[in-house]
Amino acid sequence: MTKTQNIIGTVIALGFACLLAPIVYAETLEVGGIAITYDQSFETDFDGNGTSDRTSYYAGDTLVFTAFDLDENGKPELWLRYKGGDTVDLELADTTGDGEPDSEVTVFPNEKVEVVYDESGEASDDAAWKNWLFVGLLATLIAIMLKKRFGKAAGGATKT
Amino acid sequence: MDMRRIATIIFLAALPFAVSAEGADRTEHFKKPDIKEEFCGAKIDFRICKCAFHGEYCKELGRTRNIAAMILDTKFGAYVSDLKRTFQATCRSGGGKLESDGTRCVYREPSKEKQKCVPENFEKSWKKYSDFDDAIPDEERSYEAKEHRTLLTKRVENAKEIFLLKRDMEIDRLSRAELKQYKAALVGNIKANLLRSFWRLAWITYDNIQGARSSGGTFEKLYDLESLGEGMAAYLKVVRSVTPADSKVAINTETVSGKVKSVGLSTALDAIESVGDPYAVATTLVSESVKSTYPSADITPEEIEILRTQHVKNRAIDQIIEESYRINRERRDQIIALERENESLLEAMAAWEEKERERVRGNIVAKCENAPAL
């Protein structure tokens, strides 16, 4: 092989490597059943308070997804998916803090939205119902115990 | 148990069923639709129901069973809420009273005895006998009218806030559109387009600052003077010097308060509309920036490269887009919360209106009964 052929071969090999690199290094993130493919991510401290508050995901030079850590506790609560690198078409939010979205919203180009699902109020409603049930049961138990106690005392007084 | 006791018990038990002084009632109940019979397939893709209930068609939908269940729950809940709202509006407009958390409508027919004292068109014209009159000073109104006014004041405040939030959302959306043009011009190295977009964005930003818009800060990051070359910094100063002193964005919502004082709260909600459509206000600002002729600028290719590095390569534009969408989502959540509050206030106001109506009816009947017989 001549030197020129070697150089050409190397350039071709490098070209293939560059083409394959995104596939080799591409990763997938799944949030709320939505899969996002990206090859690099950046953490940003937008408000300059020393703590990262968002992670931006890119496929090449195109912004595809952002995860916002709004309360800066290390877990994202809001995710935005982008079309064309600059237009949000999907929002996911976690209001319960379990790391899983409980609401999904479709965003149209004019920024009108359609709620796909929203269970964000459900947990608190359930909790309230359960609290009342607990209070009711506790009150019933106390009433039964008091009745037994004072019933016994009245029975004893009658006997004497 | 002797017969006298039995008779007393029967008499006491029958009392509630005796014809009351109020007269007969007619009741209508809200009927919740059946999710499988009336909703699945008719109002929503049947596959979501199949996936949620039976785990079928989930792959076709690209959703897990759990998420399909959440989608179904949300959509059905919204459908039932809409039907309930229609039921409640029909009840109120028909003169009925809502009970049992808004699922039962009771139409009370006043007794014939009391009807003869009340004017024939009372149900339609009772307000002219009431204290729902802006001419009556607040301290002289009935308790019911005062409570009603407090709630209406809150509704007006909420409506103003909703207007401002919608206006700000639209300004951000239009600014983002201009930002995309700016980015395309930077990447494509089209100097004229770049300067035009830069000018328009700066115009909007400085108008916002003058209008003291709460979140004018997002787009300001583009104008960090330390990162700009001398030519662009000078261009920016020109923008600042020609942006009009009176902000297009600073809508005088005090005109609403002014109307409240002069003509009263009863027209206050209409006054909100007189301030303008929030989307039109936002568009006016952006179109002003388009109308103003941008000057040429002495900017070198090296300065354009600085802009490209700062704004594109270092992702400043992407960060501004992210933040703008995040803030608009917050605004949207605030609007939803305020609109829900206004719905609750409307229901509470309807309850006070009914109490005022009964108070007025009671006064008319009392005067009529106490009038000396001729």
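Ranked by the mean number of other Cβ atoms within 10 Å of their residues, highest first, the peptides B:118-128, B:230-240, B:164-174, B:78-88 fall in the order B:164-174, B:230-240, B:78-88, B:118-128.
Peptide B:324-331: average number of partner chain Cβ atoms within 10 Å per residue? Write out the running numbers ahead of the final one.
On the way: counts 1, 11, 10, 0, 3, 10, 2, 0.
Averaged over the peptide's residues, the number is 5.
Strictly over 24 Å apart at the Cα level, which of B:Lys31/B:Lys75; A:Lys83/B:Lys36; B:Lys43/B:Lys154; B:Lys32/B:Lys355; A:Lys83/B:Lys191; B:Lys75/B:Lys355 would you flag in this model? The pairs that break the limit, which is 24 Å between Cα atoms, are A:Lys83/B:Lys36; B:Lys43/B:Lys154; B:Lys32/B:Lys355; A:Lys83/B:Lys191; B:Lys75/B:Lys355. Compared with the alpha-carbon gap, the fully stretched path from B:Leu83 to B:Glu139 is longer by 16.2 nm at 0.36 nm per residue. Check the straight Cα-Cα distances from A:Lys112 and name the aspartates and glutamates below 15 Å, setting aside those fewer than 8 residues away within the same chain. Hits, sequence-local ones excluded: A:Asp89, A:Glu91, A:Glu104, B:Asp168, B:Glu170, B:Asp172, B:Glu330, B:Asp333.
Calculate the mean, over all residues of peptide B:66-74, of how many other protein chain Cβ atoms lie within 10 angstrom of the residue's Cβ. Before the final figure, lay out the partial values.
Working: counts 3, 8, 2, 2, 10, 6, 1, 4, 9.
The per-residue average across the peptide is 5.
Accessible area per residue (1.4 Å probe, heavy atoms of protein chains only) ranks B:Arg5, B:Arg176, B:Arg63 as B:Arg5, B:Arg63, B:Arg176, with the largest value leading.
Sort A:Lys3, B:Lys50 by heavy-atom solvent-accessible area, probe 1.4 angstrom, most to least.
Sorted descending by solvent-accessible area, the residues read A:Lys3, B:Lys50.
Annotation: amide H of A:Tyr117 within the under-5 Å range of A:Glu104, sequence separation 5 or more or interchain, hydrogens built in the peptide plane.
The heavy atoms of B:Val187 offer some 90 square angstrom of accessible surface to a 1.4 angstrom probe.
Shown in residue order for the stretch B:57-74 are the 3J(HN,Hα) couplings computed by the Karplus curve 6.51 cos²θ - 1.76 cosθ + 1.60 at θ = phi - 60°: 6, 5, 5, 4, 7, x, 10, 7, 4, 4, 6, 4, 5, 5, 4, 4, 4, 5 Hz (x for Gly and Pro).
Using a 10 Å cut-off around each Cβ of peptide A:86-92, what is the average number of partner chain Cβ atoms that fall inside? Don't skip to the answer; put the middle values down first.
Numbers: counts 11, 5, 8, 0, 0, 4, 0.
Going residue by residue through A:86-92 and averaging, the value is 4.
With the simple model of a label 7 Å out from the Cα in the direction of the Cβ, A:Glu100 to A:Phe42 spans 3.3 nm.
Taking amide hydrogens as placed 1.01 Å from N in the peptide plane, the amide H of A:Gln40 sits under 5 Å from those of A:Tyr58, A:Gly60, each at least 5 positions away in sequence or on another chain.
Candidate cross-link partners of A:Lys3 among the aspartates and glutamates, defined by an alpha-carbon separation under 15 Å and a same-chain spacing of 8 or more, are absent.
The values are calculated or read from the model by the stated rules, or taken from the named source; none is laboratory data. These figures come from a predicted structure and were not determined experimentally. Quick reminder, even Gly has a Cβ in these numbers, built from the backbone with ideal geometry, and neighbours come from all protein chains shown. Keep in mind that these areas ignore ligands, DNA and RNA; they rest on the heavy atoms of the full protein, side chains included. Shrake-Rupley method; radii C 1.70, N 1.55, O 1.52, S 1.80 Å.
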